[in-house]
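Peer 1: Pasting a structure below so you can have a look.
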Amino acid sequence: MDNKEKANLLSEFPVHTYEEWKEAAVKLLKGGSFERTLITPTYEGFDLQPIYTKEVLDDLPHVKDLPGVGCRVRGSKPDGYLETSWLVSQELAAPTPAAMNKLAIEELSSGQTELNLWLDKATRAGIDADDAAAGSVGVCGLSLGSLGDMKQVLEGVHADCISTYIQSGKASPAVYALLVAALKDKGADLSKVNGCIGMDPVGELVEYGELAGGRKQAFCLLAGLVQHAAENMPALQVIDVQGHAYHNGGASSTQEMAVILATAVTYLKQLQARGISADVVVPRMRLSLSVGGNYFLEIAKIRALRLLWSKVMDAFDVSEEARSVHIHARTGLYNKTVYDPYVNMLRTTTEAFSAVVGGVDSLHVGPFDEVLRESDAFSRRIARNTHAILGEECGMTEVIDPAGGSWAVESLTDKMASEAWRKFQEIEAGGGIIASLEAGKMQASVEEVRQAKVKNIQRRKDVIVGTNSYPNATEELLKAAKVDYAAAAVERKQALASWKSGRDAAKVNDAISKLAGIDAGTKMDALVDAAAAGATVQEMMTALAGDMEVVKAQPIALKRAAEDFEKLRMAAKTLSDTGKAPVIHQLNMGPSRRYRIRADWTSAFFQVGGFKLLNQDDYADVPEALGALKESGATVAVITSDDETYAATAEALAREITDACEGVTILLAGAPGDNEEAWRAAGISDFVNVRVNNYTFNRGLLESMGADL
């Protein structure tokens, strides 16, 4: 059949309008509300429609742009991933340089294409291992202190051939200096070095609650990094604008986009004021965001971010060749769970798919166990191979902008961009992102969205599979990986002491003294010399301390969606371990075929709280149910059946339990309707149904059993 015949075949079917479809849908709803049933509100500030038609494209000018040109909504490169795939940028964490080097070689040999190193808390704060607080050395990242450490990490790694991404926090200038010194010592071609040593002062303020050294010092150092990189390593990014803290604190996708834009604009303005043009700054930037579980919205978010970035570039008059920006993504932490953790594999798969379809330049796929332990080789392999499946088996490297032209995705891209731009303008009107954080406005805005999510999660309107719905009642938590952080801390302190004793102290002191009195914006060459002489991260950062002005703000902490329910399960487990297992006897009255859905729903309602359910038996009458309850010794009973059986037995059973089983709490599954007064008088204390807040109900029940919550 040729195309003409196909066209004739399609002509036999009339084209229906949206109004005709809606009319048919309303009829099928049989009196139900069209808006409440088929239109879905989002946390992003707009509604999802049940269907989208081609007419939505009429008012969207961005759909006319080709990939790699114009607003870049369809991707930053004309050929998408055809020539060059996204970077496989898996975050690597090991406590010591030797362990990190071994891990890096293994992962790079197994398909990783960007070396993504995560530094420990002490190093990120610019503190050496021998001066760090207990419990901060090597935990969840690399302890890096000296040129010797950097050389050991990079041994056997060709940093001028692969991309290197070091998430270094406040210590970025010192880490950058160590990297440059190490590469020079290896004889590497600095002009070919690419990746990111990401300084993000606003991110530091969000993460730690303070910006030590103040605005002036931070932006002067940022200017120095940008200028030095532009002159010596033009392919390296040195600004990493991160939105992860906001996402993981419960923000909406549009809020995350808005703060990324507001932060980037702050940097552009500050560096422009220091004589560095946007054409120099933008190629030194990386925008890093988290990807959540709403598949189509996350695709739209990434495309919309490029669309809005083009507007920012217009405002700063950036040249066509300099305006594309590197977008890095990682699968978010907010929706990951400790219980039923293998489900996290499914979550990260859809999130990674969203990121790739949206057109990111680099991507970290979180191992399924990353929120509960140091990831092992198995979980890292599964995460890494997700990239390979998307590229090799799904063919994502063989198509350019697969979402382009989709009525739904293009419309959502426009909605996301519009709402994020409105939020961005609000931040700018209030004095910018730092002023917003200092005043607590941004934190309050994020918390408002998070609380809306919490409300829906607690009522199970928002489902977290394996946690607040579909629980595995017999599950055992994964065992934590055995990492001896105390031994690692001792090793790192010894290594640092050995390094200091073996260096030329006079040479180090001379190099550090040359940092004093030099404007921060011109210190990078001197800083590299200090690193080469043997200065440590803390020594270099102390020398760069400036006037010690401190900008303070309330940090936005990681608050996962599942945390409240996980605490219930853990509290229930603690009760069980002390011999006080929280048991609920489910009194299933009559043949279960009449109320099976309600019975299963009721069991799950309590199992998400960690309760043990005695729910296997059906009882023919009141005496049989009462006898089973007495035998079980349970202190909570939930009567479960269909409404007709309730009318005949609920009140009588409740009275019998009240008379014969002192101290037993009686519940009933379902809404009481007109029977509430009589049933409560008979001894039923509460009712379990879809309108009940699952979390608060289970929490109250656990606390009544002695749980500490």
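The values are calculated or read from the model by the stated rules, or taken from the named source; none is laboratory data. Nothing here was measured: the structure is a model prediction, and the numbers come from that model. Please note: Cβ atoms are built from the backbone with ideal geometry, for glycine as well, and neighbour counts cover all protein chains shown. For accessibility, only protein heavy atoms count, side chains too; no ligands or nucleic acids. Shrake-Rupley method; radii C 1.70, N 1.55, O 1.52, S 1.80 Å.
Peer 1: Please report, largest first and rounded to whole Å, the three semi-axes of the ellipsoid equivalent to the chain, where each semi-axis is the square root of five times an eigenvalue of the C-alpha gyration tensor.
Peer 2: 52, 35, 22
Peer 1: Please report the accessible area of Tyr646 (heavy atoms, 1.4 Å probe, ligands and nucleic acids excluded) in Å², nearest 10.
Peer 2: 10
Peer 1: Heavy atoms only, probe 1.4 angstrom, no DNA, RNA or ligands counted: give me Asp189, Asp361 ranked by accessible area, highest first.
Peer 2: Greatest to least solvent exposure: Asp189, Asp361.
Peer 1: Let me check against my output: what whole-number percent is the relative contact order of the stretch 392-538, with C-alpha pairs under 8 Å and at least 6 apart? Present the calculation step by step, with values, prior to reporting the outcome.
Peer 2: Numbers: 41 pairs, mean separation 14.6, N = 147.
Value for the stretch 392-538: 10 percent.
Peer 1: Quick one: which residues, 5+ away or cross-chain, put their amide H under 5 Å from the amide H of Leu87? H built at 1.01 Å from N.
Peer 2: Placed amide hydrogens put Ser362, Leu363 under 5 Å from Leu87.
Peer 1: If you don't mind, another one. Under a plain spin-label model, where a point goes 7 Å from the Cα along Cα-to-Cβ, how far apart in nm are Asp314 and Asp621?
Peer 2: According to this spin-label approximation, the distance is 8.1 nm.
Peer 1: So who's got an amide H within less than 5 Å of the one on Ser469, skipping anything under 5 residues away but keeping other chains? H placed 1.01 Å off N, in plane.
Peer 2: Answer set, sorted by chain and number: Ile464.
Peer 1: Efficiency by 1/(1 + (r/R0)^6): what FRET value for Lys580 and Glu631, r their Cβ-Cβ distance, R0 = 30 Å, to the nearest 0.05? Before the final figure, lay out the partial values.
Peer 2: Details: r = 19 Å, r/R0 = 0.63.
According to the calculation, E is roughly 0.95.
Peer 1: So, one more: So how exposed is Lys612, as accessible area in Å² (1.4 Å probe, rounded to 10)?
Peer 2: Roll a 1.4 Å probe over it and Lys612 shows about 120 Å².
Peer 1: Using Cα pairs closer than 8 Å and at least 6 residues apart in sequence, work out the relative contact order for the chain, in percent. Please report the intermediate quantities before stating the final value.
Peer 2: Working: 1251 pairs, mean separation 107.7, N = 709.
Dividing the mean separation by the residue count of the chain yields 15 percent.
Peer 1: Place a +1 charge on the Cβ of each Lys and Arg in the chain and a -1 charge on the Cβ of each Asp and Glu, then give the dipole magnitude about the Cα centre in debye, rounded to the nearest 20. Provide the component values of the computation, followed by the final result.
Peer 2: On the way: 73 positive and 96 negative charges, 174 e Å.
Roughly 840 debye for the chain.
Peer 1: Which angle between 0 and 90 degrees, to the nearest 10, do you get for helix 485-502 versus the longest principal axis of the chain when only C-alpha atoms count?
Peer 2: Helix 485-502 sits at roughly 10 degrees to that axis.
Peer 1: Sticking with this one: Tell me the carbon and sulfur percent of the accessible area for the stretch 359-447, rounded to whole percent, probe radius 1.4 Å.
Peer 2: Working: 1830 of 3570 Å².
Whole-percent figure for carbon plus sulfur exposure: 51.
Peer 1: What FRET efficiency do you get for Thr542 and Lys192 if R0 is 30 Å and r is their Cβ-Cβ distance, rounded to the nearest 0.05?
Peer 2: Working: r = 32 Å, r/R0 = 1.08.
Plugging the Cβ-Cβ distance into 1/(1 + (r/R0)^6) gives 0.40.
Peer 1: A further question follows. Quick check: Cα centre of the stretch 435-457 to Cα centre of the stretch 205-273, how many Å?
Peer 2: So the separation of the two Cα centres works out to 21 Å.
Peer 1: Say a paramagnetic label sat at a point 7 Å from the Cα of Val15, along Cα to Cβ; which residues of the stretch 42-57 have their backbone N under 18 Å from it?
Peer 2: 52-57
Peer 1: Using the alpha-carbon atoms, what tilt in degrees (0 to 90, nearest 10) does helix 441-458 show relative to the longest principal axis of the chain?
Peer 2: That helix lies at roughly 30 degrees to the long axis.
Peer 1: Each residue of the stretch 468-482 in order: what ³J(HN,Hα) in whole Hz does its phi give by Karplus 6.51 cos²θ - 1.76 cosθ + 1.60, θ = phi - 60°, with x for Gly and Pro?
Peer 2: Rounded to whole hertz, the list is 9, 8, 6, x, 9, 5, 9, 5, 10, 4, 4, 6, 5, 5, 8.
Peer 1: HN-Hα J couplings of the stretch 598-607 from phi, Karplus 6.51/-1.76/1.60, θ = phi - 60°, integer Hz, Gly and Pro as x?
Peer 2: 5, 5, 5, 4, 5, 4, 5, 4, 8, 5
Peer 1: Let me ask you something else. Counting other Cβ atoms within 10 Å, keep those with at most 16, restrict to DSSP loop, and tell me which trypsin sites (Lys or Arg not before Pro) in the stretch 624-709 are left. Show your work: numbers first, answer last.
Peer 2: Numbers: sites: Lys630, Arg655, Arg680, Arg691, Arg699; in loops: Arg691.
Those satisfying the criteria are Arg691.
Peer 1: Give me the percent of accessible area attributable to carbon and sulfur for the stretch 448-606, probe 1.4 angstrom. It would help to have the intermediate numbers written out before the result.
Peer 2: On the way: 4410 of 8290 Å².
Of the solvent-accessible surface of the stretch 448-606, carbon and sulfur hold 53 percent.
Peer 1: State the extension gain, in nm to one decimal, for the chain segment bounded by Arg215 and Lys441, taking 0.36 nm per residue of separation less the distance between their alpha-carbons.
Peer 2: Taking 0.36 nm per residue and subtracting the Cα distance, the gain is 79.5 nm.
Peer 1: I would also like to ask the following. For labels at Phe46 and Asn509 in the simple 7 Å Cα→Cβ model, what's the distance in nm?
Peer 2: Placing both labels 7 Å beyond Cα along the Cβ direction yields 6.4 nm.
Peer 1: With both bridge residues required to lie in the chain, what share of the DSSP beta bridges run antiparallel, to the nearest 5%? List each step's numbers first, then the result.
Peer 2: Working: 6 of 55 bridges.
Around 10 percent antiparallel, to the nearest 5.
Peer 1: Next question, about the same structure. Just need the relative contact order of the stretch 510-647 here, percent rounded to a whole number, with Cα pairs under 8 Å and 6+ apart.
Peer 2: 24
Peer 1: Could I ask something else about it? Using alpha carbon centroids, what distance separates the stretch 372-395 and the stretch 59-95, in Å?
Peer 2: 21
Peer 1: Give the angle, between 0 and 90 degrees and rounded to the nearest 10, that separates the Cα long axis of helix 563-577 from the longest principal axis of the Cα atoms of the chain.
Peer 2: Helix 563-577 sits at roughly 60 degrees to that axis.
Peer 1: Solvent-accessible area of Asp149, probe 1.4 Å, all protein chains present, reported in Å² to the nearest ten, please.
Peer 2: Here the accessible area works out near 10 Å².
Peer 1: While we're here: Quick one: Karplus J couplings for the stretch 676-689, per residue in order, coefficients 6.51, -1.76, 1.60, θ = phi - 60°, nearest Hz, x for Gly and Pro?
Peer 2: 4, 4, 5, 5, 5, 5, 6, x, 6, 8, 7, 10, 10, 7
Peer 1: How long is the gain from Lys567 to Ala429 if the chain were fully straight, where each residue apart is worth 0.36 nm and the alpha carbon distance is subtracted?
Peer 2: Values: separation 138, 0.36 × 138 = 49.68 nm, distance 4.02 nm.
Extra length available between Lys567 and Ala429 comes to 45.7 nm.
Peer 1: Another question, if that's okay. Within the stretch 645-685, what whole-number % of the accessible surface is contributed by carbon and sulfur, with the 1.4 Å probe and all protein chains included in the calculation?
Peer 2: For the stretch 645-685, the apolar C and S fraction of the accessible surface comes to 42 percent.
Peer 1: Would you mind giving the three semi-axes, in whole Å and largest first, of the ellipsoid equivalent to the stretch 227-376 according to its Cα gyration tensor? Before the final figure, lay out the partial values.
Peer 2: Details: eigenvalues 190, 49, 34 Å².
Equivalent ellipsoid of the stretch 227-376: 31, 16, 13 Å, largest first.
Peer 1: Report, by chain and number, residues whose modeled amide H sits under 5 Å from the one on Asp686, excluding near sequence neighbours (fewer than 5 apart, same chain).
Peer 2: Leu668
Peer 1: Accessible area per residue for the chain in Å², computed with a 1.4 Å probe and the full protein assembly in place, what is it? Don't jump to the answer; show the numbers that get you there.
Peer 2: Details: 30540 Å² over 709 residues.
Accessible area per residue, the chain: 43 Å².
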